[in-house]
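What follows is a single structure, written as structure tokens, with notes after it.
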Amino acid sequence: MPSSFDAFADFRMTDHKVIITGGAQNIGAGIARTLAGAGAKVMIADLNGDLARKTAAEIAAETGSDCSGMACDVTKKEQIDAVVAATVKAFGGISTLVNNVGWGGRQPDPAAIPEEEFVKSYKLNTISAYQMSMACLPHLLKEKNATITNSGSFSSATPAYDILPYGTAKAALNQMMISLAHMLATKVRVNSILIGTVMTAGYADAGIDAAMQEKLKHPDNLIGRPGSPEDIANAFRWLCSPAAGWVSGQIINVHGGGGVVRLFGH
């Protein structure tokens with residue numbers, strides 16, 4: 001007689017209403033596809049609105065889930081508010097926020113980094129996650145399994161030799177996440193994933209040339225390969241779903257058991 005026990009029930013995200021920032025491509029698109037594939041309704045908010053809409057249409061066709069996309073500069077509060085309003089109108093609420101936006105250019109000479117670079121990185125990688133979280137909070141508080149999950153970086157927990165402003169801002173994101181988890185205890189689960197080397201087009205955009213990218217394909221980690229967007233997306237699915245209902249205030253390392261401290265060599 002077949003068992004009636006469904007071991008995958010808590011991993012399903014039917015009726016979840018999700019915002020994913022920076023979800024038009026790379027890791028963000030992988031997260032959007034995986035959560036939509038688990039049954040969630042997904043709003044992709046990205047600086048590139050046209051690409052966000054294109055990616056959303058592809059995911060909707062592939063998964064059968066409701067998926068939309070719109071432009072959003074997460075450093076501008078009025079655009080954050082517009083995304084939140086559009087999501088509530090489209091889906092009837094917000095249960096799940098994925099603060100995936102993050103970027104940092106290569107800065108190999110610490111003496112040559114202007115103050116403005118640190119401020120810019122902090123606004124994009126840290127403050128934007130706070131602003132988006134606070135904009136979503138009134139809606140999250142109405143949900144049974146409300147979650148905020150952040151895309152952190154391995155560079156926040158190991159020397160960020162060539163990406164100092166980025167690593168510093170991501171370290172601040174870790175502290176903010178842990179504090180919010182305690183401040184929102186019993187109401188909203190808050191976690192972060194420290195992401196290791198995942199080969200995407202973002203590396204070239206950050207000024208990492210082909211030779212460095214080739215080196216990054218052979219990272220010093222226990223698995224012996226760089227990650228894929230799917231590796232990261234599966235971790236997000238767990239943390240955002242009811243399956244992780246007893247997990248909050250945690251930094252989850254998803255980096256192949258990484259031990260790299262000098263990504264680019266010195």
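The values are calculated or read from the model by the stated rules, or taken from the named source; none is laboratory data. What you see is a predicted model; the values in this text were computed from it and never measured. Please note: Cβ atoms are built from the backbone with ideal geometry, for glycine as well, and neighbour counts cover all protein chains shown. Each accessible area value is taken on the protein alone, full model and side chains, heavy atoms only, with ligands, DNA and RNA left out. Shrake-Rupley method; radii C 1.70, N 1.55, O 1.52, S 1.80 Å.
For segment 94-132, the set of residues classified as farther than 17 Å from Met176 by Cα, of a type outside the set (Ser, Thr, Tyr), modelled with pLDDT of 95 or more and surrounded by 19 or more Cβ atoms within 10 Å (Cβ to Cβ) consists of Ile94 only.
Residue-by-condition table, conditions (1) open to solvent by 20 Å² or more (accessible area, probe 1.4 Å); (2) touching a residue at least 40 places away in the same chain (Cβ under 8 Å):
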site: Thr14; (1), (2): yes, no
site: Leu35; (1), (2): no, yes
site: Cys72; (1), (2): no, yes
site: Lys77; (1), (2): yes, yes
site: Ala82; (1), (2): yes, no
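What about His139, is it over 25 Å from Asn234 (Cβ atoms), open to solvent by 60 Å² or more (accessible area, probe 1.4 Å) and at pLDDT 95 or above? Considered against the rule, which asks whether it is over 25 Å from Asn234 (Cβ atoms), open to solvent by 60 Å² or more (accessible area, probe 1.4 Å) and at pLDDT 95 or above, His139 comes out as no. Within segment 16-29, being closer than 22 Å to Ser228 by Cα and either in contact with a Ser or Thr (Cβ under 6 Å, 6 or more places away or on another chain) or open to solvent by 10 Å² or more (accessible area, probe 1.4 Å) (or both) holds for Val18, Ile19, Gly22, Ala24, Gln25, Asn26, Ile27, Ala29. Of the residues screened, Gly39 is not one that is modelled with pLDDT under 95 and among the small types (Gly, Ala, Ser).
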